[in-house]
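Below is one structure, written out as structure tokens; the observations come after it.
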Amino acid sequence: MLEVHLLTLFPEAVQPYLDTSILGRASRAGHLRVYVHDFRRFATDRHHTVDDRPFGGGPGMVLMCGPIFSAIEWVEQEHGACRKILVTPDGEPFRQAAAQGLAQAERLLLLCGRYEGFDERVRLAFDWTEYSVGDFVLAGGELPALCVVEAATRLIPGVLGHDESAVHESFTDPNLLDHPHYTRPEVFRDMPTPSVLLSGDHQAIEAWRHEQATERTRTRRPDLLPPI
């Protein structure tokens, strides 16, 4: 079972998604356990302050060290050591290979940033793995954190209805996108299913799928293909 701790200021933003679809089923089946912690409750002043103006000036607010440090230390004291994940725009790109590694972890902790980010000492004080889900900026880290959790969870054996679903898809081969898929009806609005998929010739089908995956990768993501 994968145990996950999400540190966020907006538990209500993530809990409905965690209770839905694959993540919800994985939790109910005992493959996943997610604890959502509002680190505002670790603030020590009467206003439960978690952010302040940046030193040196500039726009926005910065998350303070105190509540985050206390939240992380409390989680590890109560639950045990965690592999710590930061989802930030300046992290390394999050890829399928990383998801496969996280799926085998015992316990993860993900910090969801907000505002202009967090005090740099949060990054310096702990041993983090930093991931980015794309070259863009969001209002907070909740959506990227859910991406990381779902990508890892669906690779845990028994989570998907058919374990091979996680094998035959984009990025399983790190150099290829997935091939096209078709289902009933055989013809829809004059668009037919490729005849090879109806042939029953599994060798020909696999060859077609590999050819289609290669062509799709060449036209859409040529950066994934190895140099010739």
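The values are calculated or read from the model by the stated rules, or taken from the named source; none is laboratory data. Since we're looking at a predicted model, the values are computed, not measured. Note that each Cβ is placed from the backbone with ideal geometry, even for glycine, and that neighbours are counted across all protein chains shown.
Say whether the condition of being surrounded by 15 or more Cβ atoms within 10 Å (Cβ to Cβ) and more than 21 Å from residue 2 (Cα to Cα) is met by at least one residue in the range 94-106. Show your work before the answer.
Of all residues in the range 94-106, those surrounded by 15 or more Cβ atoms within 10 Å (Cβ to Cβ) come to 94, 96, 98-100, 102-103.
Right, trim to more than 21 Å from residue 2 (Cα to Cα) and you get none.
The answer is no; no qualifying residue exists.
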Residues satisfying the stated conditions in the range 157-179, i.e. exposed (fewer than 13 other Cβ atoms within 10 Å of the Cβ) and modelled with pLDDT of 90 or more = 157, 158
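Looking only at the range 140-156, filter to residues that are aliphatic (A, V, I, L, M) and assigned to a helix (DSSP H, G or I); which one of those is surrounded by the fewest Cβ atoms within 10 Å (Cβ to Cβ)? Reasoning before the result, please.
We begin by selecting, within the range 140-156, every residue aliphatic (A, V, I, L, M); these are 143, 145-146, 148-149, 151-152, 155-156.
Okay, now just the ones that are also assigned to a helix (DSSP H, G or I), so 143, 145-146, 148-149, 151-152.
Working: 143: 15, 145: 25, 146: 21, 148: 22, 149: 25, 151: 19, 152: 23.
Going through the qualifying residues, I end up with 143.
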From the residues in the range 107-139 that are crowded, with 17+ Cβ neighbours inside 10 Å and small (Gly, Ala, Ser), which one is modelled with the highest pLDDT?
-> 113
Tally of residues being aromatic (Phe, Trp, Tyr) and in a helix (DSSP H, G or I) across the range 1-34 | 1
So which pairs qualify, if the first residue must be in the range 8-22 and touching a residue at least 12 places away in the same chain (Cβ under 8 Å), the second must be of a type in the set (Phe, Trp, Tyr) and in a helix (DSSP H, G or I), the Cβ gap must be under 9 Å, and the two must be at least 6 apart or on different chains?
-> 8/39; 9/39
May I ask you to list pairs of residues, at least six apart or on different chains, whose Cβ atoms are under 9 Å apart, with the first in the range 140-151 being within 15 Å of residue 10 (Cβ to Cβ) and the second being buried (at least 19 other Cβ atoms within 10 Å of the Cβ) and among the small types (Gly, Ala, Ser)?
-> 140/113; 141/113
Within the set of pairs 6 or more residues apart or between chains, which connect a residue that is more than 23 Å from residue 38 (Cα to Cα) inside the range 98-121 to a residue that is at pLDDT 95 or above and assigned to a loop (DSSP other than H, G, I, E, B) with Cβ atoms less than 8 Å apart?
-> 99/155; 100/155; 103/155; 103/156
Which ones in the range 35-54 are among the hydrophobic types (A, V, I, L, M, F, W, C) and assigned to a helix (DSSP H, G or I)?
-> 39, 42
Please determine, by comparing only the residues of the range 183-219 that are touching a residue at least 12 places away in the same chain (Cβ under 8 Å) and of a type in the set (A, V, I, L, M), which one is nearest to residue 173 (Cα to Cα).
-> 213
Going by the structure shown, is residue 86 closer than 23 Å to residue 19 by Cα and assigned to a loop (DSSP other than H, G, I, E, B)?
-> no
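What about residue 70, is it among the polar types (S, T, N, Q), at pLDDT 95 or above and within 19 Å of residue 115 (Cβ to Cβ)? Steps first, answer last, please.
Values: among the polar types (S, T, N, Q): yes; at pLDDT 95 or above: yes; within 19 Å of residue 115 (Cβ to Cβ): yes.
When the stated conditions are applied, residue 70 passes them.
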Mind checking which residues of the range 23-44 are in contact with a Ser or Thr (Cβ under 6 Å, 6 or more places away or on another chain) and either under 25 Å from residue 63 (Cα atoms) or without any contact (Cβ under 8 Å) to a residue 60 or more places away in the chain (or both)?
-> 42, 43
